[in-house]
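Right, one structure below, let's go through it.
Rule-based calculations on the coordinates, nothing more; no lab input. Computed from a predicted structure; not experimentally measured. FYI the Cβ positions are ideal-geometry reconstructions off the backbone, even for glycines, and counts take in every protein chain you see.
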Amino acid sequence: MTAPVRSVDIAVLGAGPAGAEAAIAAREAGLTVAIIDESPRAGGQVWRAPFYRPSESDIRKSPDLAAGERMRARLANSGAETLFGHRLWFAAPSLTLSTVSADGPHWLSARAFVIATGTTECVVPVPGVTLPGVVGLAATTILLKAHGVVPGGRVLVAGVGPLLYAVAAGILESGGRVAAVVDLSRPLEWVAALPALATRPDLLRRGLGWATSLRRAGVALRFGHTVTAIAGETGVTSARIAPVDADWHPVGPGEAIDVSCVAIGHGLTPATETARLVGVPHVYQATRGGFVPRMCADRATALPGVYIAGDCAGISGAAAAELSGRLAGLRAAHDLGALTADRFERLARPVRARLRRAETFGNAISRLMTVRPGLARAIPDETIVCRCEEVTRATIDRAARAGAEDVNQLKSTTRCGMGPCQGRMCAETAGQLVAMARAGSRAEAGQWTARAPLRPLTVSELVGAYEYDDIPKITPLPG
Amino acid sequence: MTSSQAQASPNQTPQVTASPDWVRKPVARGPAIRLVVDGVTVTAFEGESVGVALAAAGRLVLRHSPGLGAPRGMFCLMGVCQECAVDIDGAMLPSCMTPARDGMRVTTDALTRRRDAGSPRKTAE
């Protein structure tokens, strides 16, 4: 074949804060490292690299950009091989990894594998959520930060968590217009999270700065509210918002507002498909964002050679991700014999302590953002839950009542979760709906079985360019 | 849909092409390049994602859903949802993750077009 299997000591999947730190730590221990990411540059989503060259003043103004630039420089100097623009589509339990990039298919064989795939944004569907002009909250931060583009017209910013205020303030700062911020949480719930938030005064200050700039601009802040429907023909023209009860179920008909874009997000859920594909067992933990891999000490898993770092092991935020990445890299280096037990302990001990503190902050945010069941309960029958296969809530309810006990049986009978996104967008909602229809728990509704290819790819991408002589033949040829 | 931003920053500065909807902020972009989108030339900037270039050119509808034929556009911007998949130089790729290069040929709604061209059942409807 054109691309033979290459070997490295450690392969890292995901070049966000967790993956980059893991790669750097393993390089410092003298191991060969390849780090894989779909994006053209390192940074992950939180430190997404701008496609343009940021000025000194851009960097001074944005703590995330500054942190990202520092990390990109350290990773570049670490000597880790970067496989950027590579989509991983298969990871065999033997730790042979299959990717495709613009120049064809690649295979990489690793002695250890650090999974740092981050999160997927969860959006509980409402009527009209599939319209062009409706984008994720995290998507909007990428638009603003990485592309320097602001959605035009009036933007409704809706959902849960601090990202709401970051996005709304970012839109204003970029010269855009915010119609309203619609926050599921109530002010008292924010107050209850304050002690934990106060452990990161820098981030708390940033949050208060966003709130101040929104108040100054006269943006309506609607606490304890949700979007119940989005309307338009080929784009967004209006959205309806209503107050919610303690379970986040909307109450009453609410009111319609004219908007031309909706940025919506209901928290983050760990991106676990790669860990599931290699066979790491998972458990359900609502306050950590959903199903999380079962972890052993220092980011190791029950599978020898497989380590998991960052938010894909449970939502804890960027600061914790960096530290857990470093710990994973050190632990993998130790297990491969590149660090003595003594040296590993000396390096790991301070990281563990800082990680615990960072997790206090991240976990408080994650708890605040934990999606409550009223949102899914309120989805109207005819609303599309699985965007790819256009499976409605009514279809899911019917399948569950007819005997689909978990999301995999649901998938077999309805195609829910079987489209190009491979169920990443609807997994949480589909699981909630199955659990509700069967009066069971979300944990019992389970996870989709992870299947290759993890990303859509064509047979021609997989085959790549080859010569006749590359095809394995039996010698001597028969006949 | 109107956009005050588009009116506020007319096309005097070559660095910033205002669109009716999504607006490029004045940051130090790379060289302006051209994409051919469904046969029409669209200005973009080297390295920005194809999906964002399309949005800034007012092209928010990138495809129609296979079953209901409902309009769809870029949603997650991180290569997960595949809503923004378009045909780029012959390959179906998530446009939000594909850096724009000069001369790229982009076909929106590629799967619907292919199906409509090849399916007698569809033409009989």
Residues whose built amide H sits under 5 Å from the amide H of A:Gln285, excluding neighbours closer than 5 in sequence, are A:Gly290, A:Phe291, A:Val292
So what does log10 I(q)/I(0) come out to for the protein assembly as shown at q = 0.07, 0.09, 0.12 Å⁻¹, using the Debye formula with one equal point on every Cα and no solvent? -0.41, -0.70, -1.31
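Would you mind counting up the charge near B:Arg101? Only other residues with Cβ under 11 Å from its Cβ, with Lys and Arg at +1 and Asp and Glu at -1.
On the way: positive: B:Arg34, B:Arg105; negative: B:Glu46, B:Glu48, B:Asp89, B:Asp102.
Computed value for this residue: -2.
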Per-residue ³J(HN,Hα) for the stretch A:442-458, Karplus 6.51 cos²θ - 1.76 cosθ + 1.60, θ = phi - 60°, Hz, x for Gly and Pro: 4, 4, 5, 5, x, 10, 4, 5, 6, 10, 7, x, 5, 10, x, 8, 8
When only alpha-carbon atoms count, how far does the stretch A:379-445 stretch along each of its three principal axes, as whole angstroms with the largest first? 28, 21, 18
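Could you check what % of the DSSP bridge pairs in the stretch A:123-266 are antiparallel, to the nearest 5?
Working: 11 of 29 bridges.
Looking only at bridges with both residues in the stretch A:123-266, the antiparallel portion is about 40 percent.
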Given the C-alpha centroids of the stretch A:65-82 and the stretch B:43-70, what is the distance between them in whole angstrom? 31 Å
Determine which aspartates and glutamates satisfy two conditions relative to A:Lys61: a Cα distance under 12 Å, and not lying fewer than 8 residues away in the same chain. A:Glu173
Mind jotting down the distance between the C-alpha centroids of the stretch A:220-282 and the stretch A:3-33, whole Å? 37 Å
Quick query: amide H of A:His266 versus all other amide H atoms, modeled in the peptide plane; which residues come in under 5 Å with a sequence gap of 5 or more or a different chain? A:Cys122, A:Val123, A:Val124
Neighbourhood net charge (13 Å Cβ-Cβ; Lys/Arg +1, Asp/Glu -1) for A:Ala179: +2
Kindly work out what percent of the DSSP beta bridges joining two residues of the protein assembly as shown are antiparallel, to the nearest 5. 55 percent
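For peptide B:44-53, how many partner chain Cβ atoms fall within 10 Å of a residue's Cβ, on average? The partial results should precede the final answer.
Numbers: counts 0, 4, 2, 7, 7, 8, 0, 2, 7, 2.
Per residue, the number of nearby Cβ atoms from other chains is 4 on average.
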Taking the Cα atoms only, what angle lies between the long axis of helix A:187-197 and the longest principal axis of chain A, rounded to 10 degrees? 30 degrees
If one takes the longest principal axis of the Cα atoms in chain A, at what angle in degrees, from 0 to 90 and to the nearest 10, does the Cα axis of helix A:201-216 lie? 40 degrees
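Hey, can you rank A:351-364, A:22-35, A:412-425 by average C-beta count inside 10 Å, highest first? Mind dumping the intermediate values first?
Values: A:351-364: 17.4, A:22-35: 25.0, A:412-425: 21.4.
Top to bottom by mean Cβ count within 10 Å: A:22-35, A:412-425, A:351-364.
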Note the angle between two axes, namely the Cα long axis of helix A:63-78 and the longest principal axis of the Cα atoms of chain A, as a number of degrees from 0 to 90, rounded to the nearest 10. 0 degrees
Per residue of the stretch A:79-96, what does 6.51 cos²θ - 1.76 cosθ + 1.60 with θ = phi - 60° give for ³J(HN,Hα)? Whole Hz please, x for Gly and Pro, Karplus curve as stated. x, 6, 6, 9, 10, 8, x, 9, 9, 7, 10, 8, 10, 7, x, 6, 6, 8
How big is the dipole moment of the protein assembly as shown about its Cα centre under a simple scheme where the beta carbon of each Lys and Arg is +1, that of each Asp and Glu is -1, and everything else is neutral? Debye, nearest 20, please. 1040 debye
Cα-based reach from A:Lys411 at 12 Å (exclusive), listing aspartates and glutamates while leaving out same-chain residues under 8 positions away: A:Glu389
Please express the Cα-Cα pair-distance distribution P(r) of the stretch A:1-110 as a list of whole percents, one per 10 Å bin, running from 0 to the bin with the greatest distance. 15, 43, 30, 10, 2
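Within 10 Å of each Cβ in peptide A:134-144, how many partner chain Cβ atoms are there on average? Round it to a whole number, please. Don't jump to the answer; show the numbers that get you there.
Working: counts 5, 9, 7, 0, 4, 8, 1, 1, 6, 9, 1.
Averaged over the peptide's residues, the number is 5.
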Go through the stretch A:128-139 residue by residue and turn each phi into a ³J(HN,Hα) via Karplus (6.51, -1.76, 1.60, θ = phi - 60°); whole Hz please, and just put x for glycine and proline. x, 5, 8, 5, x, x, 9, 10, x, 5, 4, 4
Using alpha carbon centroids, what distance separates the stretch A:126-175 and the stretch A:330-357, in Å? 40 Å
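Which whole number gives the average count of other chain Cβ atoms within 10 Å of the Cβ atoms across peptide A:44-53?
Values: counts 1, 3, 0, 0, 2, 0, 5, 11, 10, 5.
If you average over the peptide's residues, the count of other-chain Cβ atoms is 4.
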For the stretch A:123-278, using Cα atoms only, the Rg and Dmax in Å read 15.8, 50
5 angstrom amide H check on A:Val12, placed H, neighbours 5+ away: A:Ala34, A:Ile35, A:Ile36, A:Val114
Sort the following peptides by mean Cβ neighbour count (other Cβ atoms within 10 Å, averaged over residues), highest first: A:196-204, B:43-51. B:43-51, A:196-204
